[in-house]
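Asker: Shown below is the structure under consideration.
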Amino acid sequence: MIETEQVILAVGRTPATAGLGLDAIGITPDGTGALAVDPRCQVEGQTHVWAAGDVTGTAPYTHGANYQAQVVTHNLLAATGSRTTARSPASFTPIPPWPASECQQSGHAMTAST
C-alpha cells in the first residue's frame, strides 16, 4: 500500500502541466510543459514526486506511458521498504516509435484492483 495525499492523472499527447500548481512545490516544467525526470522516472530535484507518460516528454505513446507507470510503481514500492537498491531505471530501447495513427487503432485495457 502506498499512502499519499494526492495523485494527479491526466491524458493526452503533449504535456499539460499549466495550472497544476507545480510551482508551489518547486517544480518548473520546461518550455513544452514537460517535467524533467531521472532514469527512474523521479522528477529531478524532488524526493517525493514521480512522473510517467506524456508529462515527461519521453515516448509519448500509450505503451510508453504504461511502461513508465510500471517503472514508477516498482520504484515507489522499492522506496517504501528497505530495498532501496532495488530501484530500476527505465530503458526505452524496446519501445517502438509507432506513428500515433497506428497506436490509436490498437490498444488494450488495464484494470487495477486493491
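Any read-out appearing in this document is the output of simple, stated calculations on the displayed coordinates, not a laboratory observation. Remember, predicted model here, so these are calculated numbers, not experimental data. Cβ sites come from the backbone with ideal geometry, for glycine too, and all protein chains shown count toward neighbours.
Asker: Sort 63-74, 39-50, 21-32 by the packing proxy (mean of other Cβ within 10 Å over each peptide's residues), most packed first. If you can, show how the numbers build up before the last one.
Answerer: On the way: 63-74: 18.0, 39-50: 15.8, 21-32: 11.3.
Top to bottom by mean Cβ count within 10 Å: 63-74, 39-50, 21-32.
Asker: Report, by chain and number, residues whose modeled amide H sits under 5 Å from the one on VAL37, excluding near sequence neighbours (fewer than 5 apart, same chain).
Answerer: Placed amide hydrogens put GLU44 under 5 Å from VAL37.
Asker: Could you list which residues have their amide H under 5 Å from that of TRP50, counting only those 5 or more apart in sequence or on another chain, with H placed in the peptide plane?
Answerer: So TRP50 has HN proximity to VAL43.
Asker: Using modelled backbone amide H atoms (1.01 Å from N, in-plane), which distant-in-sequence or interchain residues come within less than 5 Å of ALA90's amide H?
Answerer: Under 5 Å from the amide H of ALA90: ARG40, CYS41.
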